[in-house]
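Structure first, then comments.
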Amino acid sequence: MTDTLTPPDLPEATEPERRASRLETARRSPLVWPVLALVLLLAVNTVATPTFLLVDLSGDRLSGPLVNIARNAAPLVLIGLGMTLVIATRGIDLSVGAVAAIAGAVACVHIAGSPDPGAASTAVVAMSLALACCVALGLWNGFLVSVLGIQPIIATLVLMTAGRGLAMLVTDGQITTVTNGVLSGLAVGHVAKVPVAVLVALAVLGLTAFVVRRTALGMLVEAVGINPEASRLAGVRSRTIIWTVYVFVALCAGLAGLMIAGNTNAADANNAGLWIELDAILAVVIGGTSLAGGRFSLAGTVVGALFITTLAVTITNLGIPSQTNYVFKAIAVIAVCLIQSPQVRHALRRRRTPARTVAGGAA
Amino acid sequence: MLRKSLIAAAAMTLGAASLSACGSSDSGGDSGSGGSGGDETITMGFAQVGAESGWRTANTTSIQDTAEAEGIDLKFSDAQQKQENQIKAIRSYIQQKVDVIAFSPVVETGWDTVLQEAKRANIPVILTDRSVDSEDDSLYATFLGSDFVEEGEKAGQWLVDNASDMDVDGDGSVKVVQLEGTTGSAPAIDREEGFNSVIGSDDAIEVIASQTGDFTRDGGKKVMETFLSSEDGIDVVYAHNDDMGLGAIEAIKAEGLTPGEDIKIITVDAVKDGMTALANGEINFIVECNPLLGPQLMDLAKQVVAGEEVEKRVVTEETTFTQEQAKEALPDRQY
């Protein structure tokens, strides 16, 4: 599903490059740098803690740092997938963190207030209710952007600011603690040893990839992002497409919010999903999708999300003091973004050109 | 075009700001006295940190309820853990000419300018719960709150007194991991300092890793997950608040260990969820940090507005809880 993401007609792919080896093509894939950065981070962690890459298969579930990273990355992956499509239409959604908080709040408050808080049926009703709220919020965002034509960054800023207020209204400003196996199962449960959160994220990834790559939808999304006016004239119903992606990202955010709530068995209106919108945008950018819209990479976003989650773990694992951990994070992110910059990559490539065969072989 | 969207942006932000303001200012601002003036109703502007934990919520409720009971007109704002929001709120209180300003500083530094402004406007300031790091203590009337260093010392003292039970793996040393509060906040700095100063007396006790969990359950859980894989032989978790401790409990359980037995847990705060976990044996010791400052705060406010001298430092009354004490105290717990 990812190979379609590196079509041979990359803008910078000139005639001579097309004839280059497959290795060269791989080196020039937008995915290679984020993957390398992730591998480098994992290597650093392995040096600090030799058992870092070990996955323990013996228990009733997989365990180990890598499994924790995959599980903790799931909410970010979900939101990142939605964000990728929104960004591909030349939009952005800043409200996902608030939507996630609302989803957790609605679900937990419903469970806490029901006569049978531990029952699976209660959880199913609560989670459906929460996701329905998120769809409504997505419809609102989509309406503002596609019908009223408000710029996405402004349209979604409304909900980003007001959304946590709504979540606090739902929870009455309290951290609502619940004990429900199904809700916590979504975050910490496991099926056939694999964490449920990872399976859910994979399922959404698979579904999204299928819909956008095996139908024309992906192409239409890109068309809308590249030139909304031209695509409208060509008969693409851009309004419907834009509306749909905002509903989709809100739904993803809702699912992520349920996972975040399930992870600690509590809805924390203030902190659940705080700044996750920025992490999601970062994941999309690290993954090689341009904020200017158009071509997008779902696989890139997943790698970006894994990178960000691994970075957070690295800070703790290396024992970097709390006072300096933002600096560390900043340096790592800047490094990856620099590598992603076409100018920097071009400069690097030019320097390598004289020794192309050697460099290509070594890479 | 750009101009248009800028105006739209400004309008939207204003709209959003007023919306969120509606959400948080639910205290009785309907008395209509509007500022100081000659009437005897005291108007207090209170800039809260946020609602980051159960402790903070109890603190807010106590202040709001007491204000209502005492007939004080309370203007309440929630800074959502951001210093700039708090400074904005304090400035707006100065403009509204309230009688007294109270706030819990999000972080310790950077308050001199805004406190100077309050001083010039002749509005007394009461710090609650957290202090500021300023050379000039004439900038505020009094500081009402817990002694976080002492809380850290109490936690450390209990660990030293029970060191033999705390060495779970029996290797002769007690290995502690610390979950710090928000970096730069007074409770995080002082609880670490107090704790370290006491455990220094026992060579067997050492803090092997320390990282911020931002006072949240999610933060505590994620940091603890990594500690469990990166550190060997963790005996004790020392969390700067209950919520991070509760997050650590989830992480320890997920690892197949029993919190409170395989790994001992010491926290600070004593909110209801924490006390419940203590009574259930999942936490071993909690140092109380009393959030019910409302009555003391309103008394101080009345004295300050009346121009009476007050102590520069008023410490709230606090205790500690073991598992047995938690079982007894839990039924009557207000928060």
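None of the figures in this text is laboratory data; all of them are computed from the coordinates on show. Note that the coordinates shown come from a computational prediction; the quantities given were computed from them, not determined experimentally. Cβ sites come from the backbone with ideal geometry, for glycine too, and all protein chains shown count toward neighbours.
What angle, in degrees between 0 and 90 and rounded to the nearest 10, separates the Cα long axis of helix A:276-286 from the longest principal axis of the Cα atoms of chain A?
It is inclined by approximately 20 degrees.
Can you tell which of A:I308, A:A266, A:G185 lies farthest toward the positive end of the dipole of the protein assembly as shown, using +1 and -1 charges on the Cβ of basic and acidic side chains (Lys, Arg; Asp, Glu)?
A:I308
Can you list the HN-Hα couplings for the range A:118-131, worked out from phi with the Karplus curve (6.51, -1.76, 1.60; θ = phi - 60°), rounded to whole Hz and with x for Gly and Pro?
So the Karplus estimates, Gly and Pro as x, are x, 6, 5, 5, 4, 5, 5, 4, 4, 5, 5, 4, 4, 5 Hz.
Restricting the count to DSSP beta bridges whose residues both fall in the protein assembly as shown, what percent are antiparallel, rounded to a multiple of 5?
15 percent
Angle between the Cα long axis of helix A:238-264 and the longest principal axis of chain A, 0 to 90 degrees, nearest 10?
60 degrees
Over chain B, what is the relative contact order in whole percent, taking alpha-carbon pairs under 8 Å and six or more residues apart?
16 percent
In debye, nearest 20: dipole of the protein assembly as shown around its Cα centre with unit charges on the Cβ of K, R (+) and D, E (-)?
Approximately 5480 debye in magnitude.
Using Cα springs under 10 Å in a Gaussian network model of chain B, which residue among B:I234, B:I208, B:I266 shows the largest mean-square fluctuation?
B:I208
Where does chain A land on Rg/Rh, using Cα atoms and the Kirkwood Rh?
0.99
Based on DSSP H assignment, which helices of chain B show an axial Cα extent of at least 27 Å together with a mean Kyte-Doolittle hydropathy greater than or equal to 1.6?
none
Starting with the fewest neighbours, write out B:E318, B:E282, B:E135 ranked by other beta-carbon atoms found within 10 Å of each beta-carbon.
Ordered by Cβ neighbours within 10 Å, fewest first: B:E135, B:E318, B:E282.
Using alpha carbons only, how many degrees (0 to 90, rounded to 10) separate the axis of helix A:32-48 from the longest principal axis of chain A?
With both axes taken from Cα atoms, the answer is about 70 degrees.
For B:W111, B:W158, what's the fewest-to-most ordering of other Cβ within 10 Å of each Cβ?
With the sparsest Cβ surroundings first, the list reads B:W158, B:W111.
Please compute the Cα-Cα pair-distance distribution of chain B with 10 Å bins starting at 0, giving whole percents from short to long.
Bin by bin from 0 Å, the calculated values are 6, 25, 29, 21, 13, 5, 1, 0.
Sort B:T128, A:T122 by Cβ crowding within 10 Å, fewest neighbours at the top.
A:T122, B:T128
Please list, short to long, the whole-number percent of alpha-carbon pairs of the range B:148-289 in consecutive 10 angstrom bins beginning at zero.
14, 50, 34, 2
Measure off 7 Å from each Cα along the Cα-to-Cβ vector at A:Q343 and B:K82, then give the distance between these two points in nanometres to one decimal.
3.0 nm
With an 8 Å cut-off on Cα pairs and a minimum separation of 6 or more residues, tell me the relative contact order of chain A in percent.
Relative contact order comes out at 30 percent.
For B:D269, list long-range residues whose amide hydrogen, built 1.01 Å from N in the peptide plane, is under 5 Å from its own amide hydrogen.
B:V287, B:E288, B:C289
Taking the simple approach of a point 7 Å from Cα along Cα-to-Cβ for both A:V32 and B:Q116, what is their distance in nm?
Placing both labels 7 Å along Cα→Cβ, they lie 5.6 nm apart.
From the residues A:I111, A:T122, A:T84, which one has its Cα farthest along the dipole of the range A:74-297 in the positive direction, the dipole being from +1 and -1 charges on Cβ of Lys/Arg and Asp/Glu about the Cα centre?
Toward the positive end, the furthest listed residue is A:T84.
Starting from the Cα of B:T322, step 7 Å along the direction of its Cβ; do the same at A:T46; then give the gap between the two resulting points in nm.
My value for the distance between the label points is 4.9 nm.
Would you calculate a helix-derived [θ] at 222 nm for chain A, using -39,500 (n - 2.57) for each DSSP H run of n ≥ 4 and dividing by the full residue count, to the nearest 500?
Theoretical 222 nm ellipticity from helices: -22000 deg cm²/dmol.
Using a ≥ b ≥ c from the Cα gyration tensor of the range B:49-125 (square roots of the eigenvalues), is it rounded, prolate or oblate, where a/c under 1.5 gives rounded and otherwise the larger of a/b and b/c decides, a/b for prolate?
Cα axes put the range B:49-125 in the oblate bin.
Using alpha carbons only, how many angstrom separate the centre of the range A:219-272 from the centre of the range B:173-224?
What the calculation gives is 40 Å, centre to centre.
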